[in-house]
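Asks: This is the structure I want to talk about, given as structure tokens.
Throughout, read-outs are computed from the coordinates displayed, never taken from laboratory work. Bear in mind the structure is a predicted one, so any value in this text is a computation, not a measurement. Virtual Cβ from ideal backbone geometry, glycine too; neighbours counted across all protein chains shown.
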Amino acid sequence: MIDSLITLPPDDPNAVFVFGSNEAGIHGAGAARYARVHYGAQPGIGFGQTGDAFAIPTMNGHFSPLKLADIRTYVARFLVEASLHPERTYYVTPIGCGIAGFLPSEIAPLFTNAPANVRLPDAFTAVLTPPPTEEVRS
């Protein structure tokens with residue numbers, strides 16, 4: 001989903017690009033490569049913040065998708081980190097929905113309790129936002 005990548009606001013020095021990674025921190029393709037080239041993601045760091053980028057693993061070190069339960073654990077750790085740094089704004093890409101092959105409907109619910117400083121991609125927001133209900137007239 002390289003076409004849906006987020007460009008950080010140039011006027012926000014506390015903006016952080018959040019991308020899907022592999023546990024080995026090999027940022028060679030997709031959003032991970034973009035994070036390495038443009039936002040300072042460091043090779044060898046599969047989880048956490050380096051530069052203006054935050055890696056959340058969705059694949060293992062052998063480039064196979066992680067189990068959803070493992071991704072849930074990494075997302076939960078990220079959400080704790082984000083809540084500890086309210087001065088930062090975290091712009092999440094559709095992690096896991098590119099090379100790892102997950103659907104937004106599988107990944108978005110992991111971000112249900114994201115703090116206010118976490119900005120989710122439209123694909124996740126669409127899953128988490130219930131459709132408007134129509135009033136029934138009697």
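Asks: Considering 99, 26, 45, 95, which residue is surrounded by fewer than 20 Cβ atoms within 10 Å (Cβ to Cβ) and under 25 Å from residue 10 (Cβ atoms)?
Replies: Matching residue, one of 99, 26, 45, 95: 45.
Asks: Within the range 58-73, identify whether any single residue is surrounded by fewer than 15 Cβ atoms within 10 Å (Cβ to Cβ), basic (Lys, Arg), within 15 Å of the chain's Cα centre (by Cα) and not in a strand (DSSP E or B), and answer yes or no.
Replies: yes
Asks: When the residues of the range 104-124 are filtered to those that are loosely packed, with under 14 Cβ neighbours inside 10 Å and not in a loop (DSSP other than H, G, I, E, B), which remaining residue is nearest to the chain's Cα centre (by Cα)?
Replies: Selected residue: 122.
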